[in-house]
Structure formats: structure tokens, C-alpha cells
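Report on one structure; see the data block that follows.
Just so it is clear, none of the values below were taken in a lab; they were calculated from the coordinates. All values reported here derive from a predicted model rather than from experimental measurement. We place every Cβ from the backbone using ideal geometry, glycine too, and count neighbours over all the protein chains shown.
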Amino acid sequence: MIRKNIILLFFTSLLLVNCGGSDDESQSDDIAPIAYDRAKMLVHWADKIILPAHSSFKQTLIDLDNSTKSFVAIPNQSNLDDIRSKWLISYKSWQHIEMFDIGKSEEIYFKSKMNSYPAFKTRIENNIMLGNTNFDDVSNYSSQGFPALDYMLFGIASDDTNILNKYTGGSDYSNYLTSLVNKMLNSTNSVINDWTDYRTSFISSTDNTASSSVNKLINDFIFYYEKGLRANKVGIPAGVFSGNPLKENVEAFYNKEVSKVLLLNALDATIKFYNGTSYDGLSSGPSLKSYLTHLNSSKDGSTLAALIASKLETAKSQINTLSNNFINQIESDNNKMLVTYDAIQSVVVLFKVDMLQAFSINVDYTDADGD
Amino acid sequence: MNTSNYLEKKYSSAPLAVFRIGFGLLMCFSIIRFWFKGWIETLYIEPSFHFSYYGFEWVKPLDHYTYVLFIICGISAFLVAVGLKYRLSIFLFFLSFTYIELMDKTTYLNHYYLISILSFLMIFLPANASFSIDNLIKKRSYLQVPKWTIDSIKILLTIVYFYSGLAKINSDWLFKAMPLKIWLPSKFDLPLIGENLMQLEWVHYLMSWGGMFYDLLIPFLLLYKPTRIYAFLLVIFFHLFTKVLFPIGMFPYIMIMGSLIFFDSSFHLKVISLLKKIIPINFIKSNHYKIVEIYRLKKPKFIVSIISIFFIIQFLFPFRYLLYPGELFWNEQGYRFSWRVMLVEKVGSSVFKIANKKTGSFFYVNNDDFLTPFQEKQMSFQPDFILEYAHFLGDYYSSNEDQDVQVYVDSYVALNGRLSQRYVDKNVDLYNEKESFKHKKWILPLKDEIKGF
């Protein structure tokens with residue numbers, strides 16, 4: 001009797017689960033999906049933002065490479081001016097892709113190789129002396145990329161004449177410069193080539209799991225905003241994490257005049273990504289902002305979406321009050337840097353706390369049970 | 001009903017035996033699962049800092065000996081299952097499991113707490129009275145045990161369900177469908193129901209109200225014979241469904257197994273005879289031991305008083321939050337150990353400022369220099385974590401030359417979909433605040449009201 005009951009019990013429970021299943025199935029025909037279309041968002045991100053940003057960046061590197069060749073061949077003032085301007089164009093363009101630390105970029109430590117600063121001056125000089133161009137070595141991350149170029153083009157001597165002297169006659173400096181640009185171009189090529197295949201898996205990975213494209217990219221984006229933008233560009237040089245300012249930690253320390261312009265580019269890239277504005281700025285599509293608005297039925301979603309947008313604009317206008325030269329700014333009035341840091345930081349809270357709660361995505365993916 | 005009469009009542013020893021086997025095997029499996037997931041390493045050995053329970057600061061992971069602790073815990077669980085040296089085994093299990101839970105409160109889960117107190121209760125129950133290896137050693141097996149020993153498990157499970165149902169009677173859960181309204185839409189990747197049902201507002205409300213009624217009523221439906229079998233089907237469905245929705249580990253299986261205790265002894269006797277057929281060892285034959293009618297507790301008065309005190313505490317402890325001012329979900333004073341299961345969605349960001357009293361200079365701390373991402377996440381919205389970590393930082397940055405360290409926190413928390421607001425008074429030097437059971441005045445009040453239990 002009891003055994004019969006047990007069998008009956010399992011049978012009915014199976015039936016119950018099955019019924020539940022088929023019920024839902026029939027309903028799913030009637031009810032159109034009403035979840036936010038993440039697949040569409042991923043396609044927009046890939047095709048209108050990430051890929052165009054990468055190919056545009058690659059073009060700036062090709063230009064930089066050409067200028068490098070001319071400069072190495074004929075190291076004169078006009079070629080120096082040219083390579084410097086190409087460096088800046090490329091550096092600004094880089095600010096639009098540093099946040100996409102996913103796929104091949106993540107695998108080859110792309111952002112660490114392109115933009116680890118402050119540049120390690122002594123190590124660069126050593127590398128030049130020894131002809132060491134092993135750029136995949138972790139200890140060489142801050143001896144390559146844009147910060148190393150910054151040093152090579154602005155910092156190796158006290159004035160332009162002396163800088164030019166270092167490159168005369170195809171010196172070790174010329175070789176290192178060429179290797180730096182080659183490495184940057186190679187890494188970029190490998191990232192872009194990989195995207196050809198990676199795109200398919202990227203746009204199809206819409207789940208709410210640790211490894212899905214949506215969650216990874218959102219986490220990357222927030223991580224970039226918090227570390228790459230807030231801490232590296234403003235917080236660390238302003239002494240937020242050390243107690244006293246570390247002006248040698250500003251981005252483009254040797255150039256001195258472009259830290260603000262790079263920061264503004266980075267913030268623009270952040271704002272565009274958040275709003276879903278295409279890289280060319282001509283169209284817009286599904287975005288974190290519209291996703292938040294979609295969820296507004298359940299939460300203060302629309303308020304939050306607008307609040308983030310307006311706080312990002314506040315941060316931007318705060319940055320605009322700073323001097324172009326962050327070293328000067330830190331020396332003359334570091335408080336302005338700290339106020340800017342706070343303005344940027346207020347969005348970190350909205351991203352990490354409010355936005356992630358609305359999306360129900362974890363900042364991290366700790367593998368542990370909940371209850 | 002006369003109390004002493006009740007205490008004299010006898011019942012078949014089979015339900016306790018089945019419960020013992022189920023509990024032991026599930027616990028043994030849980031420990032093995034925990035190990036294989038690598039969590040001993042990531043949760044207990046890798047972190048350099050651990051969050052302690054107030055008064056249990058001395059309970060810390062034992063470096064690589066932590067594995068030994070888990071081995072003891074797993075083996076004792078297995079010995080409980082087979083009923084070998086039962087009393088010693090369940091005692092060792094209780095100690096080792098509770099020690100593990102006390103090592104770091106980051107991993108606090110209500111069902112871990114349930115396992116701790118359940119294993120404590122089981123120390124006093126004659127769960128090895130029948131169908132155990134102890135029977136073979138002592139050469140006697142018992143047909144009946146005091147009925148209250150079985151009822152005590154039912155009471156504990158009733159408390160767990162009923163109290164978690166009570167906790168759901170609040171305005172966020174019932175009238176805003178929070179936090180299910182956040183959690184369910186994020187399950188868009190579930191097959192069949194993710195893209196549609198999980199997105200529908202009425203589904204969020206249905207599941208909120210359904211969950212509340214389920215928790216409040218299920219123990220009584222299990223106790224009442226005519227509804228028992230349907231209630232049990234509901235238990236299976238409910239727990240497997242929540243298992244699909246949320247990462248709740250072993251909890252569903254523990255509750256499904258636990259609910260079997262509500263069945264009549266005829267059911268458990270069937271299970272035992274089935275097990276006897278499956279187990280290919282034929283030494284479990286009745287001629288090897290004497291069958292004794294009634295199991296008698298050695299010190300019944302002592303045991304009954306301990307268990308009475310245990311239940312009085314269990315009844316009252318979840319209400320200790322009433323002693324604190326402010327919103328419970330926000331302040332979390334009296335929140336743990338109270339069966340408040342999956343009740344809030346809370347996210348925080350807490351950044352610590354180390355300042356110097358004399359010079360006024362300050363800097364901010366990178367939490368990931370000291371905490372794992374999981375610890376940082378849990379720390380960011382729980383006041384006792386914030387205070388403990390602030391003291392850790394204060395000690396860390398103090399030195400013989402520098403005794404002027406102050407620790408402040410910039411903390412923002414969002415609760416159940418509300419916009420985030422500042423959580424801790426940014427002008428309070430937390431290094432100066434002491435942990436205690438008193439109200440923490442430096443928690444800024446929630447700018448909203450949640451009504452209910």
C-alpha cells in the first residue's frame with residue numbers, strides 16, 4: 001500500500017512538472033517575449049560601437065606606423081611633429097576601445113600592453129640598451145604602448161633638438177620606437193581578426209551567467225569606468241589612494257598637455273556606450289540606458305536611467321573646469337581634481353549599486369550558494 | 001493535554017531512523033560537493049581576512065588544516081547515516097559544521113544555521129534506536145521511542161517554515177512584489193518561461209503571495225493527515241522550482257528530505273524494509289540482536305529541559321529585532337538567524353577613507369587589496385561587516401609612530417529596487433565605534449518605510 005503510494009507520489013509529481021512544462025509551452029506561443037531584447041543590444045554593441053571603434057583605431061595606428069617609418073628614416077623636427085600628432089590622434093581613439101576588455105583583448109592583455117602608466121622609464125632605457133623587445137613579458141607592460149611612446153617622443157631628452165639627436169643615424173632608440181609601434185599594430189590586428197569569428201558567439205551569448213557576453217561586457221564597462229577612468233586618470237594622480245598627490249601618474253606625463261583631452265575622450269566613450277550612441281555618432285540603438293528604462297515598470301528605472309545620464313554630464317562639466325595640464329592642476333589646486341574625482345565617483349555608485357541591482361547582475365561572480 | 005502524559009507517549013522508532021539516514025547522507029554529500037567545488041580553498045583558505053561573528057572572533061580557518069575539519073565533518077555525517085557511534089558522530093558533526101559556519105560570516109546562509117541547530121537537537125534524540133550499526137554492536141534494537149523526540153524535529157521544521165512565512169508579511173514583499181520583481185525578470189534565460197512568464201508583473205505578485213501562503217501553511221498541511229500527501233507533493237514542487245530559479249545549493253533537498261518526518265511510521269517502515277533489500281549485506285538480521293520494545297532515555301528530565309530551553313530560544317530569537325529601532329531590512333540588526341530567507345535584494349558600495357587625526361591628510365582604500373569580491377559584496381551593505389572591516393583597516397594602518405588613524409566610510413546602499421542612498425554617517429570615525437548588541441547609531445535611516453513583520 002505504502003509502496004503504491006510512493007510510486008503514485010512520484011508519478012503524480014512527474015506529471016505535475018510535465019503539466020507545468022506543457023502549460024508554459026502553449027502559453028509561450030500566445031505571449032510574445034517581453035523580456036528586454038539583449039541579442040539586439042549585443043548586435044548593436046558589436047556592429048555599431050565595438051567593431052567601428054576598433055577599425056577606426058587601427059587606421060590611426062597605421063597612420064602612426066607610417067609616420068614612424070618616415071621619422072626613423074629622417075628624424076627631423078617636422079617628422080617629429082607629425083609622429084607626435086599621430087600619436088595623440090591614436091591615443092584619443094584608444095580611449096574608445098579600452099573598456100572592451102573581452103575576447104581576444106582580454107586573452108592577450110591588450111589594455112595592459114597598450115596603456116599601463118606611468119611608463120617605467122628605467123626599464124625602457126634598459127630595454128633600449130639591451131635591445132629587449134619581449135613585450136609579452138609581464139614586467140614589460142609599462143614599457144610599451146602609448147605611455148612608452150609618450151616617453152620616447154617627449155621625455156627622453158630635455159628639448160626637441162636633444163630628442164632628435166637620440167634618433168639620429170638609426171639608433172637603438174629608433175629601433176625601439178619601431179618595435180613599439182609594430183607591437184601595438186600587431187596586437188590590434190590580432191584583436192580585430194579575432195572579432196571576425198568571435199562576433200557570432202558574442203552576439204548569441206545573452207544569458208544571465210558569469211560568462212555571457214552581456215554580463216561580461218557590463219562588468220567590463222563598470223570596471224573600466226571605476227579603475228581605468230576614475231582611478232587611473234584622476235584618483236591616483238590626485239592622491240585619492242595614497243594621501244599625497246602622485247603627479248607623475250597622470251596619463252601622458254611627458255607630453256603634459258593632453259591628460260584632460262584623453263580623459264574627456266574616455267568619458268565621451270563611456271557616455272556614448274551608456275546611451276547606445278553608435279561610434280560614428282550618427283545613430284543610436286539598444287543600450288544600458290534603454291534597458292534600464294525598459295525595467296522601469298518595476299523600479300525607479302526611468303529615474304535611474306536619467307539620473308545616470310545627468311550625473312555623467314555633471315562629471316564632464318567638472319572635468320572641463322580643470323587645466324589641460326593635470327600636473328599644473330595638481331600643483332596649483334589639487335582640490336579641483338578631488339572634486340572632479342567625487343563627481344566621477346558618484347556615477348560609480350549608480351552603476352555598481354543601482355544599475356546592477358536593476359539588472360540583477362553581480363559585480364563579481366563568486367561561486368557560492370545563496371539562500 | 002497533560003504534559004507528563006505527552007512525554008510518556010511512544011511512537012515507532014522508524015521515522016527517526018529514516019531521518020537520520022537521510023540527514024547523514026545529504027550532509028556527507030554536501031561536504032563532498034563543497035570540497036569539489038573548490039570552495040574550501042576560495043572561501044576559507046585564500047582570503048587573508050575573515051569576518052567573524054561577534055563573540056566568536058577566535059573561530060578562524062585553520063589554514064590547510066581546514067581540510068581536516070571538512071574531513072571530520074564529512075566522515076561524522078556518514079557515521080550518523082549508518083548509525084555507528086551515533087551520539088559521538090552527531091556531536092562531532094555539530095561541532096565541526098558549526099565551527100565551519102562560524103569561521104567567516106560572509107558565507108552565512110539560513111539553511112546552514114538550520115543544519116547547525118538541527119544537528120544540535122539530534123544529539124539528544126535516539127535516532128540510532130533502530131536500523132543502525134550501533135544496534136549490532138550493542139546487540140539490541142528498539143521498536144519505539146518517546147514520541148516527542150520525533151515531534152521535536154517537526155516543531156523545528158514548522159518554526160522554519162512558519163517564521164519565514166511571517167517574515168514575508170511586509171509591504172515590500174506583498175504590495176511591491178519586491179524583490180521577486182527584480183529577480184524573476186533576470187531569469188529571462190530560463191527555457192520556456194524566462195522570456196515571458198518571468199517578465200509578467202502578475203506572476204511576480206502571484207509568486208510573492210503564493211510563497212507567503214506556502215511558508216505559513218505548509219507545516220500544518222503536512223501535520224494534518226488528509227492533506228499530507230498533497231502537501232508533500234507541493235513541497236517537492238516548490239523546492240525544485242526555487243532550485244531552478246535560484247542558486248540555493250542543497251537546501252531544496254534538505255527540506256524535501258526533512259518533510260518526510262511528517263509521514264506515519266508505516267511509510268518509514270516501508271522505506272527501511274526497502275533499504276534492507278537494497279543493502280546486500282545480510283548481517284542485518286534480527287537474530288544478531290535482541291529486539292526491545294521501548295527505548296528509554298538515560299536522563300529524560302535533563303534532556304527534556306535542554307530541549308525545552310532550545311525551543312523557547314527558537315521561538316523568541318527571531319523576534320529580537322523588535323528591540324532595535326529603525327527598519328530591520330535596512331539596519332539588519334537582528335536579521336540573521338531568524339528565517340528571513342530571500343527577502344531582500346540589497347547592493348552596496350562601501351569605500352573606506354583612512355584619515356590622520358593630527359594632519360588631516362587622508363586616502364581611500366582599495367577593498368580588493370584585502371577582501372575577495374564575495375567578501376566585498378557582503379561587507380558593502382551589512383553594518384557589522386562594515387564596522388569589523390573598519391577596525392581591521394584601522395589596526396592595519398596604525399603603527400607605533402602613528403596612533404592618529406581614523407576610519408570613515410563612503411557607503412551607499414540600494415534596497416529592493418529603491419534608489420541608493422547614503423548608508424553610514426560619513427562623519428563618524430568607525431575606528432572609534434565598538435561592536436556590541438546595542439543599536440548602531442551611525443547607520444543612517446532608510447528614507448522610506450516598510451510595514452510588516
Computed lengthening from B:Ser4 to B:Phe220, 0.36 nm per intervening residue step minus Cα-Cα distance: 75.3 nm
Over all alpha-carbon pairs in segment B:157-278, figure out the percentage whose distance exceeds 22 Å. 43 percent
If a/c stays under 1.5 just call it rounded; otherwise compare a/b with b/c (prolate if a/b is bigger, oblate if not). Do that for segment B:93-162, with a ≥ b ≥ c from the square roots of the Cα gyration tensor eigenvalues. oblate
Environment charge of B:Met257, counting only residues whose C-beta is closer than 14 Å and scoring Lys/Arg +1, Asp/Glu -1: +3
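Can you pull the Kirkwood radius for the protein assembly as shown, inverse mean 1/r over Cα pairs, to one decimal in Å?
Working: mean 1/r = 0.0328 Å⁻¹.
Hydrodynamic radius (Kirkwood, Cα only) of the protein assembly as shown equals 30.5 Å.
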Average projected area [Cα convex hull, segment A:35-205], square nanometres: 10.1 nm²
Which of the lysines could a cross-linker bridge to B:Lys441, judged by Cα under 18 Å and excluding same-chain residues fewer than eight apart? B:Lys426
What whole-number distance in Å separates the alpha-carbon centres of segment B:318-336 and segment B:354-429? 22 Å
Where labels lie 7 Å past Cα in the beta-carbon direction, separation of A:Asp81 and A:Ser204 in nm: 5.4 nm
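How much mean residue ellipticity at 222 nm does chain B get from its helices, if each DSSP H run of length 4 or more adds -39500 (n - 2.57) and you divide by all residues, to the nearest 500 deg cm²/dmol?
Rounded to the nearest 500, the figure is -15500 deg cm²/dmol.
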Using +1 on the beta carbon of Lys and Arg, -1 on that of Asp and Glu, and nothing else charged, what's the dipole of chain B about the Cα centre, debye to 20? 2660 debye
Nearest-ten-degree value, helix B:225-245 long axis tilted from longest Cα axis of chain B: 40 degrees
Computed FRET efficiency, Cβ-Cβ of B:Phe315 and B:Phe213, R0 22 Å: what is it to the nearest 0.05? 0.50
With Cα atoms, 0 to 90° folded angle of helix B:383-397 axis to chain B main axis: 60 degrees
Checking rank on B:312-319, B:298-305, with mean other Cβ inside 10 Å and highest first, the result is B:312-319, B:298-305
Straight distance only, please: which lysines reach the Cα of B:Lys299 with their own Cα at less than 18 Å, same-chain residues fewer than 8 apart left out? B:Lys9, B:Lys10, B:Lys147
So, with +1 on the Cβ of K and R and -1 on the Cβ of D and E, and no other charges, what is the size of the charge dipole of segment B:345-432 about its Cα centre, to the nearest 20 debye? 400 debye
Mind checking the mean number of beta-carbon atoms from other chains within 10 Å of the Cβ atoms in B:101-107? 1
Given A:Lys272/B:Lys187; A:Lys69/A:Lys121; A:Lys48/A:Lys104; B:Lys60/B:Lys105; A:Lys92/A:Lys352; A:Lys92/A:Lys272, which pairs have Cα atoms separated by over 21 Å? A:Lys272/B:Lys187; A:Lys69/A:Lys121; A:Lys92/A:Lys352
What number do you get for chain B when its Cα radius of gyration is normalised by 2.2 N^0.38 Å, N = residues? 1.09
Using a Förster distance of 51 Å, how high is the FRET efficiency between B:Lys357 and B:Ile133, based on the Cβ-Cβ distance and rounded to 0.05? 0.20
Using the Kirkwood radius over Cα pairs, work out the Stokes-Einstein diffusion coefficient for segment B:53-204 at 20 °C and 1.002 mPa s, in µm²/s as a whole number. 113 µm²/s
Straight-line reach from A:Lys311: which aspartates and glutamates have Cα under 14 Å away, leaving out those fewer than 8 places along the same chain? A:Asp268, A:Asp342, A:Asp354
Helix by helix, which DSSP H runs in chain A go 18 Å or more along their axis at the Cα atoms and have an average Kyte-Doolittle hydropathy of 0.5 or more? A:259-275
What do you get for Rg/Rh of chain A when both radii come from the Cα atoms and Rh is the Kirkwood radius? 1.09
Inter-site label distance for B:Asn366 and B:Asp448 at 7 Å from Cα along Cβ, in nm: 3.4 nm
Obtain the nm distance between the two label points defined at A:Asn189 and B:Lys276 by a simple spin-label model: each point lies 7 Å from its Cα along the Cα-to-C-beta direction. 7.8 nm
Links that overshoot a 32 Å alpha carbon limit, given the list A:Lys289/B:Lys357; A:Lys113/A:Lys316; A:Lys247/B:Lys434; A:Lys289/B:Lys438: A:Lys289/B:Lys357; A:Lys247/B:Lys434; A:Lys289/B:Lys438
Dividing the alpha-carbon Rg of segment A:207-364 by 2.2 N^0.38 Å yields what? 1.09
Residue by residue, what Karplus-based ³J(HN,Hα) values in Hz, rounded to whole numbers, does segment B:115-128 have, using 6.51, -1.76 and 1.60 with θ = phi - 60° and x for Gly and Pro? 5, 4, 6, 5, 5, 4, 4, 5, 4, 9, 9, x, 6, 9
Could you please report the charge total around B:Ile450, scoring K, R as +1 and D, E as -1 over all other residues with beta-carbon less than 14 angstrom from its beta-carbon? +1
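Give me the mean projected area, in nm² to one decimal, of the convex hull enclosing the Cα positions of segment B:345-432.
5.7 nm²
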Net charge of neighbours whose Cβ lies under 12 Å from the Cβ of A:Thr178, counting Lys and Arg as +1 and Asp and Glu as -1: 0
More than 24 angstrom apart: percent of Cα pairs within segment A:180-295: 45 percent
Per residue of B:340-349, what is the mean number of Cβ atoms on other protein chains within 10 angstrom of that residue's Cβ? 4
For chain B, longest principal axis from Cα atoms; helix B:147-167 axis from its Cα atoms; angle between them, nearest 10 degrees, is 30 degrees
Counting other C-beta atoms within 10 Å, which of A:Lys352, A:Lys311 has the fewest, and how do the rest follow? A:Lys311, A:Lys352
Can you figure out the FRET efficiency of A:Thr321 with B:Phe29, using R₀ = 56 Å and their beta-carbon distance, to the nearest 0.05? 0.35
Note to self: Kirkwood Rh of segment B:55-116, Cα pairs, one decimal, Å, is 12.1 Å
Based solely on C-alpha atoms, express the radius of gyration and the Dmax of segment B:6-131 in angstrom. 15.6, 53
Can you tell me which of A:196-206, B:147-157 comes out highest on packing, and rank the rest after it, using the mean Cβ neighbours within 10 Å? B:147-157, A:196-206
